[in-house]
1. State the Cα centre-to-centre distance between region 154-198 and region 392-416 in whole Å.
2. Starting from the Cα of LYS357, step 7 Å along the direction of its Cβ; do the same at GLN130; then give the gap between the two resulting points in nm.
3. Net charge within 12 Å of ALA211 by Cβ-Cβ distance, Lys/Arg positive one each and Asp/Glu negative one each, not counting ALA211 itself?
4. Quick one: net charge around LYS244, please, counting Lys, Arg +1 and Asp, Glu -1 for every other residue with C-beta under 11 Å from its C-beta.
5. Where in region 218-239 does the label zone of ARG268 land, with the point 7 angstrom along Cα→C-beta and an amide N cut-off under 17 Å?
6. State, as an integer percentage, the relative contact order of region 314-365 based on alpha-carbon contacts under 8 Å between residues 6 or more apart.
7. How would you rank LYS174, LYS145, going from fewest to most other Cβ atoms within 10 Å of each one's own Cβ?
8. Starting from the Cα of ARG191, step 7 Å along the direction of its Cβ; do the same at GLU149; then give the gap between the two resulting points in nm.
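What follows is calculated from the coordinates using simple rules that are stated; it is not laboratory data. Values in this document were obtained by computation on a predicted structure and should not be read as measured data. Virtual Cβ from ideal backbone geometry, glycine too; neighbours counted across all protein chains shown.
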Amino acid sequence: MFKKLFNFGKNKKEQVKEEVENVSEELIEEDDLQEEQEVVEEVLPQVEEVEETQEPVEELEQEAATQELEVEEIEVQEEIEEAIEEPLNEACDLQEETVQDVEEAEQIEEQPKKVSLFDRLKQGLTKAKQGITDRVDEVLKSYTKVDEELLEDLEEVLITADVGVNTTMEIMEKLEDAIRSKKITDPQDVREELKLIVEEILSKDDTKLDASHSPTIILMVGVNGVGKTTTIGKLAYRYKKEGKKVLLAAGDTFRAAAIDQLEVWANRCNVDLIKHQEGADPGAVIFDAIKASKARGVDVLICDTAGRLHNKSNLMNELGKVFKIVDREYPEAKKEVLLVVDATTGQNAVSQAKSFKQVCDITGLVLTKLDGTAKGGVILAVKSEVDVAVKLIGVGEQMEDLQDFDSKSFVDALFG
C-alpha cells in the first residue's frame, strides 16, 4: 500500500513537474514570441526599406551585368575588326600602289620624249619662221616662173622681216647671180638658193663660245632690259653643270635691283657672287671679283656691267675703266666680251650693236628673245652690218634654250 502510494506520489510529482515544465516552456515560448513579435515589428519597416532599396540595386546589378556583356561584345567586335582591318589595309595599300604605278606608267607613256636642242631651236623659231620662210613660200607658190616681180616680192618679205635694207640688197644681189649662173627657172629652186645664201652670211666667223681655258673671264655688255642678267645666270648654270668653278660679279651697280636679281641666279645655280652696294664703283666690283677668282681657283668669271648710262661718253668711261682693270689684273685669263641684244627690238638691236662696238672690243653677240618675234631676220642684219659673230641665241625661257649658235642648225630650223 505504501509502495503504491509512494509510486502514485512519485508519478504525480513527475506529472506535475512535466506540466510545470510544459507551462514554463509555453510561457517561455510566449515570451519569446512576444519579444520576437516586437523585434519583428521593429525590424519590419527597415526590412521593407531594404527591400525597396534592393529592387533598384538588383536592377543596377542587372544593368551592370548587361553592360559588362555589351563591353565584352564590343571588345570582341573590336578584336574582330582589328583582325580584319590589318589585311584589309594591306590590300587597300597594295591597290593604291598598283593604281599609282599604273598612273605613273601612263604618265611616262604620255610624256613626250626629251626634246633635242634642235627641236627646241625649231620650236623657238616658230614665229621667225612664220615671218620669213612661210611668207617666202607663199610668194614662191604664187609664181610659175622666176621673173622680176617674184624677186621684188622676196625683197619686200626680207625687209619687213627686219633683215635690214643693206643686208637685203646683199642677199638679193647674190640670189640674182645664182639664178643667172645656174639658169634657175623653177620658183621652188629659188628657195634652196636663198637658204644657202643665208647660211653663208651667218657662218663667216667662228661662232663658238670657248670657255675651256682656265681662267676665262666673260664680260657681258648691253643696255638694260635685253636679258643680260638672265643670260649670265644660264651661262653660270651651263658651266657649273660641266664641272667648272664659276664666280659671278655684280658690276651693274646703277640699275635698281640688278644686284638682287643676279644674286637670285647665283643661289639658283649654287655659285658664288661678288657684290657691292648699289651705286658703288663698277670697276671696284670687277677688281674684287678678279682677286677672289685668283684666290679661289675659279675657272670662269662672268661679269655683269652697267647698262644704264646717260650718254656715250659715260658708257665709254665706265667700260674703258673695267677693261683696263681686267687687262692689268687678269692678263692670264682668256677674255670674252659678249654684247647682248634683244631680237624683238628689230633694227634698234643693230643700232645698239654698232654703238657698243665703237666703245669696246666685242668678241661675240648674244641674241635673246628670238622666240618672241616674227622678225627673226634681225640676226642677219646684226651679223652682216656689225660684222661680229653671233655666239649665243635665246629661243625660250628654259636653261637649255640659251644655245650655242650654229649657222647650219639655225638655217635648217628656219627653213625646215
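1. 22
2. The answer from the label model is 3.1 nm.
3. Details: positive: LYS208, ARG238, LYS240, LYS244, LYS245, LYS334, LYS335, LYS391; negative: ASP210, GLU242, ASP299, GLU336, ASP404.
That sum, taken over residues with Cβ under 12 Å, equals +3.
4. Values: positive: ARG238, LYS240, LYS241, LYS245; negative: GLU242, ASP299.
After counting each charged neighbour, the total is +2.
5. The answer is 225-239, whose backbone nitrogens lie closer than 17 Å to the label point.
6. Working: 31 pairs, mean separation 25.2, N = 52.
Averaging sequence separation for qualifying contacts and normalising by length gives 48 percent for region 314-365.
7. Values: LYS174 17, LYS145 9.
Ranked by crowding around the Cβ, least crowded first: LYS145, LYS174.
8. Placing both labels 7 Å beyond Cα along the Cβ direction yields 2.1 nm.
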